[in-house]
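The values are calculated or read from the model by the stated rules, or taken from the named source; none is laboratory data. Quantities reported herein were computed from a predicted structural model and do not represent experimental measurements. Cβ placement follows ideal geometry from the backbone for every residue including glycine, while neighbour counts extend to all protein chains displayed.
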Amino acid sequence: MNQTGTGSPKVRLPDFSPAIYRFIPAILLASVLPFVLLSFFVQPAADDFSFSAEARESGLLEFQGYWYRNTGGRYISNLLIGLNPLVFGWITGYKILPVITIVFTFAASSFFFQSFVTDKPLRTMLPLIVTVLYLWGMPDITMGIFWMTGVLTYQWSLIAALLFFACGMHFVKAKTKTGKVLFFFMTLLLALAVQGFNETTAVIVLALTVIQVLVSYQNNKGAFFFRVLMLMILFFCTWFSFSAVGNLSRAEHYPERHRLLYSAVFSAAQSGRFILKWISGIPFIILTILLTPAGFALAEKKRNVINPWIIAAFSVTVIFTLFFIVYWNTGLLGQYRTVNVIYFFFIGSWGAFVFSLICLLKNKYGISCPVYSRASIYALLTALSLSILCQGNTVRAYSDLFSGKGYRYDKEIRERFYKLRRCKHEGKNTCELPILENRPQTLFFSDIHKDYHHWTNAAVSEYFGVDSIMAKSP
């Protein structure tokens with residue numbers, strides 16, 4: 001293992017590390033590329049139209065107040081939706097949003113890892129790995145990256161959570177007064193914001209902050225009062241969001257809610273189902289093997305690490321709780337945008353568990369770092385390439401690109417928008433539009449219906465200013 005100077009060992013992979021540091025980023029970048037290219041063909045759907053029309057007509061403040069009183073207390077995601085590009089008729093901004101989201105996810109992950117990882121190549125590779133694993137295995141890629149309402153409510157909450165924890169760690173480590181003040185106020189602002197996106201992320205942030213308070217009480221008394229202050233702010237913001245009158249109005253749409261045994265059983269079943277699915281993913285297994293030497297190098301400097309079985313129990317408990325909240329409040333799992341957030345939490349939990357296990361094996365049982373042959377490492381890299389590029393959301397994204405379905409879908413929607421503007425200009429009472437023939441797996445969210453009373457039809461007609469619209473067979 002390479003070492004520099006007389007201090008702590010620099011975290012490096014074994015002698016074949018140059019191959020890994022060149023090859024893995026190339027694989028990961030190739031797996032991100034199709035999602036970036038598909039952004040050119042993304043189009044708004046369903047709630048995107050209704051929220052944008054209401055925000056445009058009522059104004060931002062009235063829009064915020066209405067949604068807090070009638071649909072829930074997600075004060076930050078409602079704010080972002082009230083300022084989304086469609087409110088200003090900027091469709092190009094809508095298409096840019098997925099790229100911004102992917103870049104922000106990587107940047108926030110990078111800032112997070114910079115707060116405790118010292119090796120520069122590893123500091124670059126880890127956030128790329130997190131971003132790619134998330135894109136590859138996200139349960140619903142459409143809602144997670146390409147559907148604006150889901151992106152601003154859920155994915156941007158994860159970005160805010162990463163920044164919150166990163167700024168908190170940078171505050172604790174800051175050596176200068178300027179650095180302390182800067183990171184304190186950044187953490188404070190993010191604490192006020194992060195609980196206002198959605199309930200799932202709010203619970204995760206609360207749970208992890210409680211752990212930070214307990215750990216700092218044991219190991220870092222200087223950070224304890226800072227952590228407690230942030231926890232108090234988080235509790236207040238969570239109360240403000242969860243106690244919104246609109247939550248009661250939204251709950252009335254779910255008559256099957258509040259069934260204790262049913263919620264517990266299905267939450268346990270879904271927790272087991274998804275954990276087994278995620279943990280058996282080939283990219284997870286291979287990347288764990290490849291990064292094990294880096295874990296052993298980091299373990300040289302870590303003595304006070306939480307027991308891996310405590311991490312595992314905590315993670316499973318949080319995942320169960322998150323599923324339980326969904327089932328308790330709605331009676332069904334429904335759409336998977338909440339599961340996207342749980343999956344992101346799982347990625348971090350898995351990394352923490354593996355690293356803690358390595359520390360236990362090395363520091364308590366004296367187990368040495370495994371040594372890989374050059375042939376085995378290249379075999380693993382080949383398997384990693386095939387598993388990422390030929391499975392999961394990545395292969396579906398490439399399929400939508402190479403088949404031309406993404407392009408044709410975008411073309412159909414643009415033609416539909418042209419017809420809607422003509423209907424408005426000509427003053428037609430009902431605008432008939434052909435049902436979409438192209439429905440790419442990664443981009444398509446929903447379409448209009450033959451019943452012009454359907455809420456999706458009403459949302460589109462409201463946004464474009466026509467009396468009513470109705471789908472017809474092409």
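Considering each residue of segment 170-209, count those that are surrounded by fewer than 19 Cβ atoms within 10 Å (Cβ to Cβ) and more than 22 Å from TYR154 (Cα to Cα), and give that number.
13
Restricting to segment 55-87, what's the tally of residues that are farther than 24 Å from THR238 by Cβ and in contact (Cβ under 8 Å) with a residue 12 or more places away in the chain? Give the steps one after another, and end with the answer.
Taking segment 55-87 first, the residues farther than 24 Å from THR238 by Cβ are 55-59, 62, 84-87.
Checking the rest, the ones that are also in contact (Cβ under 8 Å) with a residue 12 or more places away in the chain come to 55-56, 84-87.
Summing the residues that are farther than 24 Å from THR238 by Cβ and in contact (Cβ under 8 Å) with a residue 12 or more places away in the chain in segment 55-87 gives 6.
Would it be correct to say that HIS425 is surrounded by 14 or more Cβ atoms within 10 Å (Cβ to Cβ) and more than 30 Å from ILE289 (Cα to Cα)?
Values: surrounded by 14 or more Cβ atoms within 10 Å (Cβ to Cβ): no; more than 30 Å from ILE289 (Cα to Cα): yes.
So HIS425 fails the test.
For residues that are of a type outside the set (D, E, K, R) and in contact (Cβ under 8 Å) with a residue 60 or more places away in the chain, tally how many sit in segment 196-217.
So the first thing to find is which residues in segment 196-217 are of a type outside the set (D, E, K, R), and the list is 196-198, 200-217.
After this cut, where a residue has to be in contact (Cβ under 8 Å) with a residue 60 or more places away in the chain as well, the list is 196-198, 200-201, 203-204, 207, 211, 215.
Selection size over segment 196-217: 10.
Is it fair to say PHE296 is more than 28 Å from the chain's Cα centre (by Cα) and either outside any helix (DSSP H, G or I) or in contact (Cβ under 8 Å) with a residue 12 or more places away in the chain (or both)? Give the derivation first.
Values: more than 28 Å from the chain's Cα centre (by Cα): yes; either outside any helix (DSSP H, G or I) or in contact (Cβ under 8 Å) with a residue 12 or more places away in the chain (or both): yes.
Spelling it out, PHE296 is indeed more than 28 Å from the chain's Cα centre (by Cα) and either outside any helix (DSSP H, G or I) or in contact (Cβ under 8 Å) with a residue 12 or more places away in the chain (or both).
Could you name every one of the helices (runs of 4 or more DSSP H) located completely within segment 361-474 that has at least 3 residues being of a type in the set (Gly, Ala, Ser), at pLDDT 85 or above and under 30 Å from SER58 (Cα atoms)? Lay out the reasoning, then the answer.
On the way: elements: 374-389, 392-402, 405-426, 455-464.
Those helices (runs of 4 or more DSSP H) span 455-464.
Based on what the data block shows, is SER249 in contact with a helix residue (DSSP H, G or I) (Cβ under 6 Å, 6 or more places away or on another chain) and surrounded by fewer than 18 Cβ atoms within 10 Å (Cβ to Cβ)?
yes
With the structure loaded, tell me whether ALA383 is surrounded by fewer than 17 Cβ atoms within 10 Å (Cβ to Cβ) and either free of Cβ contacts under 8 Å to residues at least 24 places away in the same chain or β-branched (Val, Ile, Thr) (or both) or whether it fails that test. Before you say what the answer is, go through the steps one by one.
Values: surrounded by fewer than 17 Cβ atoms within 10 Å (Cβ to Cβ): yes; either free of Cβ contacts under 8 Å to residues at least 24 places away in the same chain or β-branched (Val, Ile, Thr) (or both): no.
No: the conditions fail for ALA383.
Just one of PHE236, PHE225, PHE240 is more than 22 Å from ILE311 (Cα to Cα), of a type outside the set (A, V, I, L, M) and modelled with pLDDT of 95 or more; which is it? Reasoning before the result, please.
Values: PHE225 fails: modelled with pLDDT of 95 or more; PHE240 fails: modelled with pLDDT of 95 or more.
Testing whether each residue is more than 22 Å from ILE311 (Cα to Cα), of a type outside the set (A, V, I, L, M) and modelled with pLDDT of 95 or more leaves just PHE236.
Do we have any residue at all in segment 116-130 that's surrounded by 23 or more Cβ atoms within 10 Å (Cβ to Cβ), in contact with a Phe, Trp or Tyr (Cβ under 6 Å, 6 or more places away or on another chain) and either among the aliphatic types (A, V, I, L, M) or at pLDDT 95 or above (or both)?
no
Could you say which residue among ILE24, ILE81, ILE102 is β-branched (Val, Ile, Thr), touching a Phe, Trp or Tyr at 6+ places or on another chain (Cβ under 8 Å) and under 23 Å from SER387 (Cα atoms)? Don't jump to the end; show me each part of the working.
Numbers: ILE24 fails: touching a Phe, Trp or Tyr at 6+ places or on another chain (Cβ under 8 Å); ILE81 fails: under 23 Å from SER387 (Cα atoms).
Within the list ILE24, ILE81, ILE102, the selection yields ILE102.
Take VAL316 and tell me if it is surrounded by fewer than 18 Cβ atoms within 10 Å (Cβ to Cβ) and under 16 Å from ILE347 (Cα atoms). Working first, answer last.
Numbers: surrounded by fewer than 18 Cβ atoms within 10 Å (Cβ to Cβ): yes; under 16 Å from ILE347 (Cα atoms): yes.
Yes; evaluated as a whole, the condition is true for this residue.
So that you can scan it fast, the table gives a plain yes or no per residue for (1) closer than 28 Å to SER31 by Cβ; (2) surrounded by fewer than 18 Cβ atoms within 10 Å (Cβ to Cβ):
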| residue | (1), (2) |
| --- | --- |
| GLU256 | no, yes |
| TYR262 | no, yes |
| GLN270 | yes, no |
| SER280 | yes, yes |
| VAL341 | yes, no |
| PHE346 | yes, no |
